[in-house]
Amino acid sequence: MGLLEKIEKQKLLQQKEAAPEEVKHTGRRFDAHENLKAKIHQKIIDEINKQKIEVQGREISAEIFSLIEGIVNSEAEDINILERNKLSEAILDEIVGYGPLEVLLRDSTVSEIMVNGPHKVYIEKDGKIQLSEVGFKDNEHVMNIIDRIVSSVGRHIDESSPMVDARLHDGSRVNAVIPPLSLVGPVITIRTFSKTPITVEQLLEFGSLSKKMVAFLEACVEGKLNIIVSGGTGSGKTTLLNVLSGFIPANERIITIEDAAELQLLQEHVITLESRPANLEDKGQITIRQLVKNSLRMRPDRIIVGEVRSSETLDMLQAMNTGHDGSLTTIHANSPRDSLSRIETMILMTGMDLPLRAIREQVSSAIDLIVQQSRLRDGTRKVLYITEVNGMEGDTIIMQDIFKYETSGELDSKGKFKGQFISTGVRPHCLEKLINSGVKVNYGWFKKE
């Protein structure tokens, strides 16, 4: 093959890849009625504007539904009733929902949605990432959906402010990045949450932890120990924090503080606070740190911070050390020891001129327990360690593992790791505090296995 022939062949391949209808290899479901849908969609929008029909967010009025049904039936006479119904549903999603994302948001088995430009939409199912069958028409289509999401919560995104955090009506967390920061087109990442909170029974069923670990953690929460849930991104920290929060007695006043409200507490006396970013004039920002400080004036029995990642760490530790026992939070770290190192680093980032030993003394006296959560390579999420913080020895914080997960690295017939949760045989020092708080303790929890 000559050089010119090679160049022509390469051009043909590039054109084929660039053509919008040839996107089946990327996972996108090819829609033979794309042009028809666009035409009907525009007619419906024109009619809504003409009749001045009010579209209130995702609320589907009978007037809009009958309008869509009527126009689809008249414009798409040559396609069967099943295809017409699908077309009506897709158009409805475009008008009052989040377009192609709606089918994924309705799927309870999808825990994460990742839009990498218009033609590549990945999802996470059962802990594994896979390419979905849905897609967008073009970059503008993705941008329209992003605008709809962020405007519903009073946020703004454009070239001057090309990143945004927001949340959907159901509490799902959304992050969007647009060009010029993203070179693949608009990118959306959605962390979805179950409509009903995950229960401790479900975690046991999933094999995330053992019954002994649950019983011990329940006693620790009731006994007002300060607990940190540590883990990587997507490891299930918030889910576990929500489960632990469920052990808090119903007669206590709980204040939750988050960047985006995700916790779903079932107790009645719960105050939910959410941070706020700066507006277009770079004013009006309310940080997690400010909310933590303010919460101390709100007579809390419990303070739950969704995640500490900055200067609020110091205020959280001070709260734990000044009578606000039973506080709960999460942190990004790969091990219990790493989580303490991160806390030290975040305190130093506040600009406080404190010696390292003073910081470590405050950390060791404030934190009682670290629960290490992880997502394994087989897609499962497990509690790898429950570790007690036992004060200082010299300049080092002393820790001991109470429970841990051990695996041989072998896979079973379902592709899951073979392993077991074991007690290390160590009786934690916190038992005395639990007993003095009137919490029942079973020494059989700590029998070495």
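The numbers here are math on the coordinates, done by the rules we state, and not lab data. Owing to the predicted nature of the structure, the values given are computational and were not obtained by experimental measurement. FYI the Cβ positions are ideal-geometry reconstructions off the backbone, even for glycines, and counts take in every protein chain you see.
Structural remarks
- Alpha carbon centroid spacing (whole Å) that separates the stretch 221-244 from the stretch 109-137: 27
- The ranking of 327, 194 from fewest to most other beta carbons within 10 Å of each one's beta carbon is 194, 327.
- Shape call, the stretch 294-449: gyration tensor on alpha carbons, a/c limit 1.5: prolate
- Sparsely packed loop sites in the stretch 322-380 (the trypsin sites (Lys or Arg not before Pro) outside DSSP H, G, I, E and B with at most 12 other Cβ atoms within 10 Å) comprise 377.
- Remark: for residue pairs 211/440; 86/195; 224/433; 211/433, the C-alpha separation exceeds 20 Å in 86/195; 211/433.
- If you sort the three axes of the alpha carbon gyration tensor as a ≥ b ≥ c, you get a/c of 1.5 or more for the stretch 108-195 and a/b no higher than b/c, which makes it oblate.
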